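The values are calculated or read from the model by the stated rules, or taken from the named source; none is laboratory data. The structure displayed is predicted, hence computed values, not measured ones. Cβ coordinates were reconstructed from backbone atoms using ideal geometry, including for glycine residues, and neighbour counts include every protein chain displayed.
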Amino acid sequence: MLSRITGLLRETLIARTYGASEWTDAFNVAFRIPNLLRRLFAEGAFSQAFVPVLGETATKEGAEGTSLMVSAIATLLFWALVITVLIGVLGAPWIIFMVASGFKSGGAYDASLILTRIMFPYIGLISMVSLSAGILNTYKKFAIPAFTPVLLNLSMIFSSWLLSPYFETPIYALGIGVILGGITQLGIQIPALRKIGLLPKIGLGFKSIQQAWRHPGAKKVLHLMIPALFAVSVAQLSLIINTNIASHLTSGSVSWLSYADRLMEFPTALLGVAIGTVLLPSLSKANALEDTEQMAQLMDWGLKLTFILATPAAIALFLFGQPLAAVLYHYGQFSALDVTMTQHALAAYGVGLIGLILVKILAPAYYSKQDIKTPVKIAIRVLMLTQIANIILVPWLNHAGLALSIGLGACLNALMLWRGLSQRGILATNAGWLKFFAKLSVGLVGVVIVFYLGAQQHDWIALKDTPLIRIGLMVLWLGLAATVYLSSLWLTGFRAKDFLFQAK
C-alpha cells in the first residue's frame, strides 16, 4: 500500500512538473527499458524459476545447502547483469529505435538516449534486489521486499524536487533519482538477508564462476529459466510493441498510457502481486509435500479474495476515471486534454483489470510445480491475439486501443490458465462459484450506481481552481461506494473470517 501511494505521489509530481509532453514521453520510454529487463531477469523468468527451487532446496537440504545454492545463483546473476548493463549503455541508440522508433530525432530522442544511459545500471541494482526478495519471500519475510519500492518512489520525488533546477533539461533529475533509488533499495536488503543467514557470497574470480555454473541447484534454475525467458519475453515483447506504436501516435500518448498504468497498477500490485507473492512459496511447499488439498485450498482462497477486492476497482477505473485522473494529475502543466486522454486509457484498463490480476494469481500454481512451459504456450497465443486486437482497436481508439488490447489479452490469458488448472484438479471442485458470484453481484450493483452518479454529478475538470474541494468530493464518493459495497457483502453473508487462510 505504501509503495502504491508513494508511486501515485511520484506520478502526481511528474504530471504537475512536466505534464504529458515529449520530455515525459522520453523519460517513460527510457525508464521502460530497464523495467522490461528487470522483469525479464528478476521478477519474471528468474523468480519463477528460482523461488520454487529455493523452496525445494530449503525443505530437503537445510540451511547449508540453501546457502551454497543462493551464493551460486547470485554469482551467475551478478556477472550476467554486468555484461547486460555494458551492452545497454553502449547500445542505447539501437535500444531506443527498437522500443520507440517514432523518436527519430529532436528533443525526445536526445533526452531518451541520455536517460537510457543514466538509468540502465538500474537493472543491475534492482535485479539483485529481486534476488534478495525471492530469498526473503521464501522464508515468509514479506515486509522488507514489499516496502522496497517505496524507496525508489521517494528517491525520484526528492530528486525531481531538489535537483531539477540544476539541469538544463530538468527531466534528467528523474533519471538520477532512479539510480539513487536502486542503491537504497539494494542497501535495505543486506541486513535482512544477514539476519536469516542467507547473505549471498558473490564470486569475483573465474574459478568461482565455474563452481557456481556446476552447482546442481543453479543448473536446475537455469534449466527452468529457458522456458520462463520465453514466457516473460512474450509479455515484454507485447509491451515493447505497444510502446513503439504509441511513439507514432499523438505527442503525449506514451505519457497518457503511463499515467493510466500507474493507477491500474495500484490494484494490480496491491492485490495481484501481493497475493501472488504470498501464494508462490506456500504452493511450492505444498507441491514438495505432494499436498494437493492444500494447493486447492490456497488457490480457492486467492481467487475469491481477488474477485472480492478487484471487481470494484475495475468498475472504478471504468466509470470513475475522470475524477481519479483529475484529482491526482490535473495540476501545473497537466492540461484538461491530458485528463480526458488519461481517462480513456483508464476506462480501457478497467475492462481487463480482473484478467491482469488473475494472471498473477493463477500463474504461481504452474510455477510452484516447476511447469513454466504451459504459461509460455498460452502467452504466445495471447501475444498474437493482442496484436490482432491492436490492428483493429488502435485506428479506432488511438492510445486507449493499446490499453484495451492488453486488458482483453490478459482476460484470455487468465481464462486459459484457469482451464488448465481445473483440468489438473488443482482448483477445488466444490468451491461454490455460482453462489459466490450471485452474492457478489448484489454489492457490485450498488458500486456501479455510486460511481456512475459520482462521475456525472460534478465538473471534475472545472474544479481545478478548488483542489481541496475536489479531493474532498472524490474521497466522499469513494467512501460512499466502499460503504455500500461492504454493507451489501455483509447482508449477503460474507464475513472477514471467511477470507483468512493460514498456510500449513
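Observations on the structure shown:
- Flag for L257 being in contact with a helix residue (DSSP H, G or I) (Cβ under 7 Å, 6 or more places away or on another chain), modelled with pLDDT of 80 or more and not in a helix (DSSP H, G or I): no
- Residue identified as of a type outside the set (A, V, I, L, M) and crowded, with 20+ Cβ neighbours inside 10 Å among S101, S112: S112
- Sub-6 Å Cβ pairs linking a first residue in segment 315-327 that is under 21 Å from A15 (Cα atoms) to a second residue that is among the hydroxyl-bearing types (S, T, Y) and surrounded by 23 or more Cβ atoms within 10 Å (Cβ to Cβ), at least 6 apart or interchain, are L317/Y349; A325/T342, ordered by first then second residue.
- Among the candidates L412, L408, residue that is within 22 Å of M299 (Cβ to Cβ) and without any contact (Cβ under 8 Å) to a residue 60 or more places away in the chain: L412
- Residue, surrounded by the fewest Cβ atoms within 10 Å (Cβ to Cβ), within segment 128-143, restricted to residues that are touching a Ser or Thr at 6+ places or on another chain (Cβ under 8 Å) and of a type in the set (A, V, I, L, M, F, W, C): F142
- Some residue of segment 338-357 being farther than 26 Å from L404 by Cα, surrounded by fewer than 24 Cβ atoms within 10 Å (Cβ to Cβ) and either basic (K, R) or in contact with a Cys (Cβ under 9 Å, 6 or more places away or on another chain) (or both): no
- Pairs are defined by a Cβ separation below 7 Å, a sequence spacing of at least 6 or placement on different chains, a first member in segment 191-202 that is on the phi < 0 side of the Ramachandran plot, and a second member that is of a type in the set (V, I, T) and modelled with pLDDT of 85 or more; the pairs so defined are A192/I144; L199/I190; I202/T75.
Table: residues versus (1) at pLDDT below 75; (2) closer than 30 Å to I471 by Cβ.
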residue: F31; (1), (2): no, yes
residue: L90; (1), (2): no, no
residue: P93; (1), (2): no, no
residue: S105; (1), (2): yes, no
residue: G124; (1), (2): no, no
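- The lone criterion from (1) buried (at least 18 other Cβ atoms within 10 Å of the Cβ); (2) modelled with pLDDT under 90 left unmet by A431 is number (1).
- Yes/no for V447 being surrounded by 19 or more Cβ atoms within 10 Å (Cβ to Cβ), in a helix (DSSP H, G or I) and modelled with pLDDT of 90 or more: yes
- Condition check for G177 on (1) part of a helix (DSSP H, G or I); (2) in contact with a Ser or Thr (Cβ under 8 Å, 6 or more places away or on another chain); (3) closer than 19 Å to S255 by Cβ; (4) modelled with pLDDT under 90: one failure, at (4).
- When Q185 is tested against (1) free of Cβ contacts under 8 Å to residues at least 24 places away in the same chain; (2) of a type outside the set (F, W, Y); (3) closer than 20 Å to A74 by Cβ; (4) buried (at least 16 other Cβ atoms within 10 Å of the Cβ), just one condition goes unmet, and that condition is (1).
- Among the candidates L453, L440, residue that is among the aliphatic types (A, V, I, L, M) and either without any contact (Cβ under 8 Å) to a residue 40 or more places away in the chain or surrounded by fewer than 19 Cβ atoms within 10 Å (Cβ to Cβ) (or both): L453
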